[in-house]
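See below for the structure under consideration.
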Amino acid sequence: MDFDYSEEQQLLKDSVERVMLDNYSFNDRCKYQAEKVGYSEAMWARYAELGLLALPFSEAHGGLGGGAIETMIVMEAFGKALILEPYFATVVLAGGILRQGASETQKAEMIPAIAEGRMKLAFAYAEPQSRYDLFDVQTQAKKDGDEWVLNGIKGLVLHGEAADRIIVSARTAGDTREKDGIGLFLVHSSAPGVARRGYPTQDGLRAAEFTLDNVRVQAADVIGDPAGAFPVITRVADEAVAALCAEAVGCFAVMQATTLEYLKTRKQFGTTIGSFQVLQHRAVDMLIELEQSRSMAMYATMMVSEDGAAERERAISAAKAQIGQSAKLIGQQSIQLHGGIGMTMEYSVGHYFKHATMLDKLLGDADHHMQRLAALGGLIGQEASPT
C-alpha cells in the first residue's frame, strides 16, 4: 500500500509543524495554560487563518473538503506540541456530529462560524454511570408540543467550559442501555436551566460537568432522527478515536526523541548513560512501540471511511488497544530513563505522559477496546457477533 502523502498533504504537514515549532514550545504552552480560558485565543484565531478549523468540512458548507488523512496529519502535529485549544472537541468530535447527522440548515448556520473561529462546540455524551458505553444514556428528552425538554447530568464534557453550544445525547424512548431511542440536541451553553461547572483535567486541558434542568430545545435544534442517533454517534466516535490515535503518536514521538537525546547527553560513572547496553535495549523497545503505534494509527485512519461497521470497528479498536499499550510502555520508559527530573512539573516529559494516559482513557481505554475487538470476532475473521 502507498503511504506517501500527496503534495497537498505534505504541504499541510510542513505548514502545521512549522507553526507549532514557532509558536508552541513547552514554555509557550505553560503561558497559554495560565490564560483565563486555559488555552490561547490567539492560537485559535491562527488555526482559523490557516484553514485548520475548516479542514474536515465539505466545501459546500464552507470547509476545505479534507478527509481522515488530513485530520491525522494535523492531530499528530498537535500531539507533538501538546496543544491546549479545543480543536478535537470542536472540529473533530462535535464537528463530526454535524458532518454525519446535521441538516443542511444546521450545517449552513454553524460550520462557517466554526471555520472562522467564531463558534466552539462540545459533545456531551458521557454520564456518571456510563463509563465507555455510548448507549448508556439516562438524560431524558421529552416532547412538549414543538419543543423538547431535557433533564439530566453530563460529565467530562471535554472543553465544555469554553463551548458556545453543546451537542447533548438524550434518551427519547426505551430503557437506559438500549441503543435505540437516543437523540442528539443542540443546546446553548447559557440557556435557561443549564448549569456548567468547569475544571482542569490531569493533563492540563479543561472539561466541564453540565446539569440540565428542564432545558427547552426547539425542533430546529434536533440533529437527525430524535430516536435513531446512535449509528451517527458510533460512526463519529470511530472517527474521533482515529484522530486520538494520531495525536497519541505525536506525543510518543516527542517522548521517544527527548529520551534518546537525554541518554546521549546525561553522564554517569564518567560516561554517557546511552552507552550502557541495557538502556540501549530499552530505547529500542520505545522505538518499536512508536512505529507499531504509527502503523496502527495509519490503519485506523484508512478504515474510518469504511461503510461496513464491523470492519471499521475492528480496525478502530485494534488501533486504540495498541495506542493504550504503547502509551504505558513508552511513558513509563521515558520517565524511568530520565530519573527524577522526568517527574517534575518543569520538565516536559511528564506532561506528555499524562496526556498520553488521558488519550488512552478517552472514548475507551485499551482493555475496553480489547474486549470490543474480541466481541467483534478479532481483527480478521467472520462478521461481527451481536454486542
Original post:
Which residue, of Val349, Val304, is in contact with a Gly (Cβ under 6 Å, 6 or more places away or on another chain) and buried (at least 20 other Cβ atoms within 10 Å of the Cβ)?
Top reply: Val349
Original post:
If Val91 satisfies every condition in (1) buried (at least 23 other Cβ atoms within 10 Å of the Cβ); (2) touching a residue at least 60 places away in the same chain (Cβ under 8 Å); (3) in contact with a Leu (Cβ under 9 Å, 6 or more places away or on another chain); (4) not basic (Lys, Arg) but one, which is the exception?
Top reply: (2)
Original post:
Which condition number does Lys264 fail, the rest of (1) over 30 Å from Thr90 (Cβ atoms); (2) open to solvent by 40 Å² or more (accessible area, probe 1.4 Å); (3) out of contact with any strand residue (DSSP E or B) (no Cβ under 7 Å at 6 or more places or on another chain) being met?
Top reply: (3)
Original post:
Does Lys354 fit the bill of being in a helix (DSSP H, G or I), buried (at least 21 other Cβ atoms within 10 Å of the Cβ) and not aliphatic (A, V, I, L, M)?
Top reply: no
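Every residue in the range 365-382 that is out of contact with any helix residue (DSSP H, G or I) (no Cβ under 6 Å at 6 or more places or on another chain) and either open to solvent by less than 50 Å² (accessible area, probe 1.4 Å) or farther than 27 Å from Asp133 by Cα (or both), please. Explain how you work it out, then say what you get.
Start the filter on the range 365-382 by keeping residues that are out of contact with any helix residue (DSSP H, G or I) (no Cβ under 6 Å at 6 or more places or on another chain), which leaves 367-368, 371, 374-375, 377-378, 380-382.
Across the range 365-382, the qualifying residues are His368, Ala375, Gly377, Gly378, Gly381.
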Subject >> Test set (1) touching a helix residue (DSSP H, G or I) at 6+ places or on another chain (Cβ under 9 Å); (2) touching a residue at least 60 places away in the same chain (Cβ under 8 Å); (3) not in a helix (DSSP H, G or I) - Glu85 fails condition number >> reply: (2)
Original post:
Would a scan of the range 141-156 turn up a residue that is buried (at least 16 other Cβ atoms within 10 Å of the Cβ), assigned to a loop (DSSP other than H, G, I, E, B) and not hydroxyl-bearing (Ser, Thr, Tyr)?
Top reply: no
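From the list Ser317, Ser326, Ser293, Ser334, exactly one residue is within 18 Å of Tyr132 (Cα to Cα), at pLDDT 95 or above, open to solvent by less than 20 Å² (accessible area, probe 1.4 Å) and part of a helix (DSSP H, G or I). Which is it? Break it down into steps so the answer makes sense when it comes.
Numbers: Ser326 fails: within 18 Å of Tyr132 (Cα to Cα); Ser293 fails: within 18 Å of Tyr132 (Cα to Cα); Ser334 fails: within 18 Å of Tyr132 (Cα to Cα).
Among Ser317, Ser326, Ser293, Ser334, only Ser317 is within 18 Å of Tyr132 (Cα to Cα), at pLDDT 95 or above, open to solvent by less than 20 Å² (accessible area, probe 1.4 Å) and part of a helix (DSSP H, G or I).
Looking at the range 26-50 only, could you name the residues that are without any contact (Cβ under 8 Å) to a residue 24 or more places away in the chain and farther than 15 Å from Glu346 by Cα?
Taking the range 26-50 as the starting set, the residues that turn out to be without any contact (Cβ under 8 Å) to a residue 24 or more places away in the chain are 27-28, 30-31, 34-36, 41-42, 49.
The answer is Glu35, Lys36, Glu41, Ala42, Glu49.
Looking at the structure I just gave you, is Thr71 in contact (Cβ under 8 Å) with a residue 12 or more places away in the chain, of a type in the set (Ser, Thr, Tyr) and open to solvent by 10 Å² or more (accessible area, probe 1.4 Å)? First the steps, then the outcome.
Numbers: in contact (Cβ under 8 Å) with a residue 12 or more places away in the chain: yes; of a type in the set (Ser, Thr, Tyr): yes; open to solvent by 10 Å² or more (accessible area, probe 1.4 Å): yes.
Yes, satisfied.
Within the range 240-248, does at least one residue satisfy the condition of being closer than 17 Å to Thr71 by Cβ and either at pLDDT below 95 or surrounded by fewer than 21 Cβ atoms within 10 Å (Cβ to Cβ) (or both)?
No, there is no match, as no residue in the range 240-248 is closer than 17 Å to Thr71 by Cβ and either at pLDDT below 95 or surrounded by fewer than 21 Cβ atoms within 10 Å (Cβ to Cβ) (or both).
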Subject >> Filtered residues of the range 1-41 (kept if closer than 21 Å to Gly95 by Cβ and of a type outside the set (D, E, K, R)) >> reply: Gln9, Leu12, Ser15, Val16, Val19, Met20, Val37, Gly38, Tyr39, Ser40
Original post:
For the range 351-386, how many residues meet the condition of being modelled with pLDDT of 90 or more, over 25 Å from Glu178 (Cβ atoms) and over 20 Å from the mean Cα position of the chain (by Cα)?
Top reply: 0
**OP:** Considering each residue of the range 191-224, count those that are open to solvent by 90 Å² or more (accessible area, probe 1.4 Å), outside any strand (DSSP E or B) and modelled with pLDDT of 95 or more, and give that number.
**Re:** 1
Original post:
Could we say that Leu98 is surrounded by 19 or more Cβ atoms within 10 Å (Cβ to Cβ), touching a Gly at 6+ places or on another chain (Cβ under 7 Å) and of a type in the set (A, V, I, L, M) here?
Top reply: no
Original post:
Here are some conditions: (1) under 23 Å from Arg99 (Cβ atoms); (2) assigned to a helix (DSSP H, G or I); (3) at pLDDT below 95. Leu263 meets all but one. Which one does it not meet?
Top reply: (1)
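Within the range 157-190, track down each residue that is of a type in the set (S, T, N, Q) and buried (at least 23 other Cβ atoms within 10 Å of the Cβ).
Ser169
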Subject >> Matching entry among Asp22, Asp28, Asp4, Asp14 (being among the charged types (D, E, K, R), assigned to a loop (DSSP other than H, G, I, E, B) and out of contact with any Cys (no Cβ under 7 Å at 6 or more places or on another chain)) >> reply: Asp4
Original post:
Which residue out of Ala124, Ala113 is open to solvent by less than 10 Å² (accessible area, probe 1.4 Å), closer than 30 Å to Leu50 by Cβ and either among the acidic types (Asp, Glu) or within 17 Å of the chain's Cα centre (by Cα) (or both)?
Top reply: Ala124
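The values are calculated or read from the model by the stated rules, or taken from the named source; none is laboratory data. These figures come from a predicted structure and were not determined experimentally. No Cβ is skipped: glycine too gets one built from the backbone with ideal geometry, and neighbour counts run over all protein chains shown. Heavy atoms of the whole protein, side chains included, go into the accessibility calculation; ligands, DNA and RNA do not. Shrake-Rupley method; radii C 1.70, N 1.55, O 1.52, S 1.80 Å.
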